[in-house]
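Structure first, commentary second.
What follows draws every value from the coordinates through simple rules; no lab data is involved. The model shown is predicted, which means the values in this text are computed figures rather than measured ones. Glycine also receives a Cβ, built like all others from the backbone with ideal geometry; neighbour counts cover every protein chain displayed.
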Protein chains: 2
Amino acid sequence: MPTIKDVARKAGVSVGTVSRVLSKNESVKQPLKERVLAAMQELDYKPNLAARALRTNSIDVIGLVVPDITNPFFSQLAKNIEMEAAKRGHSVMLANSHDDADAEQTQIAALLDRAVCGVIVVATSDGGQTHKADVPIVSLDRRFGPYPLVATDHFDGSARIADHLVGLGHRRIAYIAGPQSMEVARQRQEGFVARIKSLSTSDDPIMLTVHEGHFDYDSGEDIGREILKGASSETRPTAIAAASDQQAIGVLRCARDLKIAIPADLSVTGFDDIALAALVVPRLTTLRQPIERLAGSAVERIFAREAAADEAIAGEIVVRESTGTVSSS
Amino acid sequence: MPTIKDVARKAGVSVGTVSRVLSKNESVKQPLKERVLAAMQELDYKPNLAARALRTNSIDVIGLVVPDITNPFFSQLAKNIEMEAAKRGHSVMLANSHDDADAEQTQIAALLDRAVCGVIVVATSDGGQTHKADVPIVSLDRRFGPYPLVATDHFDGSARIADHLVGLGHRRIAYIAGPQSMEVARQRQEGFVARIKSLSTSDDPIMLTVHEGHFDYDSGEDIGREILKGASSETRPTAIAAASDQQAIGVLRCARDLKIAIPADLSVTGFDDIALAALVVPRLTTLRQPIERLAGSAVERIFAREAAADEAIAGEIVVRESTGTVSSS
DNA sequence: CTGAAAGCGCTTACAG
DNA sequence: CTGAAAGCGCTTACAG
């Protein structure tokens, strides 16, 4: 491998000069610069990144730690982060915390030891401590310690779902919430409830019931059954909004069992827009999380290198076949 | 950040000695060693990885390039590779090739520039060139250039599926293959066909038809319909083996449309054991790819640092609800 | 604008 | 067994 010295010799300049053209330093005059460039080309010179790292104490690598890369949402985030980083000539180092706060701690420390230029962490459920780092740390999707959070605007997203449903004429609505111990579950619920409240008037009241569950399929199926079974079509809700796509798909499943037609007799909405949402029958109306923008903003913050406030990015409602106008029964 | 010099001063030894205890060099005598260890502890010393990299010209990082981390199979592979690497104190640098051979090329070069200690590549569909690298490169799942391949034993796996079906009494079987341009599709098909042939005797013949398609849901659904529709239950196959879970799930879908009961009237098998396979109704009998072992073997090869031959790792058949004995119609 | 030189924090022959 | 010293390939004040 040729070194900067070889290039310098070949171009007949000092290594300092080579280094300056390498760093796009404007001070090197045109003729010299060209000779250097030519020499680099000819030798197929590539700077030794380790040497540079030793001097500058930082490498062109972004650390990323996620609870589990196998989770489709996180892998989409990872992909977009990697693309965003690549655009700027950076690589990403990936670590899984397995939803374990200690492992998370260890992984972040290991990344910091490698002198990455910043780390993005999608936190495990519980907390996260402060790290003594002189590079930016940002939390993504789930809050990590004291670091600024980039996340979907869950409150706003739920409100959009509420708008959609009410706009379709629904006046008896059930909301299936996520576990209240999770910030994101609370935000989604609050956004939905608040909007419904503000839309409900004494002339045109909206009935809303809230049912707490977990974010998974089974929870959606169980709670859906509870809401639907036994109730006559005059009393039961005409729409069920779920706090996650998985829950919503569970509701779809139980509606099929109960012979309740969707969307003719019941509208169902999810949240997230996972891949399955577009594959189930009927395809699910949901709120798409702005994954590209989440990733983009997180990466940007690494490069900005300055503390910034939390950022909530608006999602986008995608209307498919699981919602419709309320039938005139 | 304390350096090796600080530790040496505090322990009253030379930096060489500190470096030797760092590298677990046995030559340092007990009393000295302890003093050094104590000093490191006290100062919370962590070696500067960039400096080490500059000297040794290699870092404790494995490069991984996959076509798309968003693909569940690849993300599972990535997770297991990361875990395996972490066990040995290594991190992994992740890159996506987006199924583009040029991008793949670039990504591998970038990884090599960073002096990773090896790179694992799940190749894009077409080929891959040779890289001049003095570190091991291994292809995983899909062959990359001239580098040794670690993959599931597709041939053997398909044969196991054939055994299972024939053991259940099936004698009219249809096989839905993948695109013949792909090595893995050919291997799966050949394994299945060969085993069926060897099991078929003139006394107890087995009828087998083969239908080429793509690996996705729609292809399975379309071909399944072609096979099933119009045929009477006396002439149509009693079992359909698909070359992928996605195809098999497509078959499930069209069987439901056609009111063909599974497994009472038709057995269906897949290949891969994707997460969905255990979620569909009925749950799918399939061949599970040995992901942990694939990842483990690939990582091992990086550390072995010596060229090795291809390795085919046997998968495991997982019998669920989509297969049963042939009904006595 | 360019060169000479120091120095980043390690590892590893080379002595003794 | 341990120390003194060279050197890995860069970057960056400091001169001129």
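Go through the range A:252-322 and name the trypsin sites (Lys or Arg not before Pro) that are in a DSSP coil and have 16 or fewer other Cβ atoms within 10 Å of their Cβ.
A:LYS259, A:ARG283, A:ARG305
When DSSP beta bridges are limited to those with both residues in chain A, what percentage is antiparallel, rounded to the nearest 5?
That works out to approximately 10 percent antiparallel.
Considering the options A:ALA194, A:VAL210, A:ILE62, tell which one lies farthest towards the positive end of the dipole of chain A, charges being +1 on Lys and Arg and -1 on Asp and Glu at the Cβ, about the Cα centre.
Of the candidates, A:ILE62 comes out farthest on the positive side.
Among the lysines, select those whose C-alpha is under 20 Å from the C-alpha of B:LYS132, and discard any that sit fewer than 8 residues away in the same chain.
Candidates past the 8-residue exclusion: A:LYS46.
Of the DSSP beta bridges with both residues in the protein assembly as shown, give the percent that are antiparallel, rounding to the nearest 5.
Restricted to the protein assembly as shown, the bridges split so that about 10 percent are antiparallel.
For chain A, set up a Gaussian network in which alpha carbons nearer than 10 Å are linked by springs, and say which option among A:LEU208, A:LEU22, A:LEU165 fluctuates the most.
A:LEU22
For a 27 Å ceiling on Cα separation, which of these pairs sit above it: A:LYS5/B:LYS24; A:LYS87/B:LYS5; A:LYS5/A:LYS33; A:LYS259/B:LYS259; A:LYS79/B:LYS87?
Those over the limit are A:LYS5/B:LYS24; A:LYS87/B:LYS5.
Filter the trypsin sites (Lys or Arg not before Pro) in the range B:148-232 to those in DSSP coil with at most 14 other Cβ atoms within 10 Å of their Cβ, and list the result.
Counting only loop positions with at most 14 other Cβ atoms within 10 Å, the trypsin sites (Lys or Arg not before Pro) in the range B:148-232 are B:LYS229.
Going 7 Å from Cα along the Cα-Cβ axis for the label, what nanometre distances separate B:ASP100 from the same residue across the other copies?
In ascending order, 3.8 nm.
Which value results for Rg/Rh of the protein assembly as shown when Rg is the Cα radius of gyration and Rh the Kirkwood radius based on the inverse mean 1/r?
Taking Rg over the Kirkwood Rh, I get 1.04.
As a test of the formula, what do you get for chain B when each DSSP H run with n ≥ 4 contributes -39,500 (n - 2.57) and the sum is divided by the residue count, at 222 nm and rounded to the nearest 500 deg cm²/dmol?
Roughly -13000 deg cm²/dmol at 222 nm, from the helical runs in chain B.
Residues in the range A:102-120 near a label at A:ARG88, defined as backbone nitrogen under 19 Å from the 7 Å Cα→Cβ point?
A:111-120
Rank B:LEU64, B:LEU287, B:LEU258 by mean-square fluctuation in a GNM of chain B with C-alpha springs under 10 angstrom and give only the top-ranked residue.
The residue with the greatest mean-square fluctuation here is B:LEU258.
Can you tell me which of B:LEU228, B:LEU284, B:LEU32 moves the most in a GNM of chain B? Springs connect C-alpha atoms under 10 Å apart.
The residue with the greatest mean-square fluctuation here is B:LEU32.
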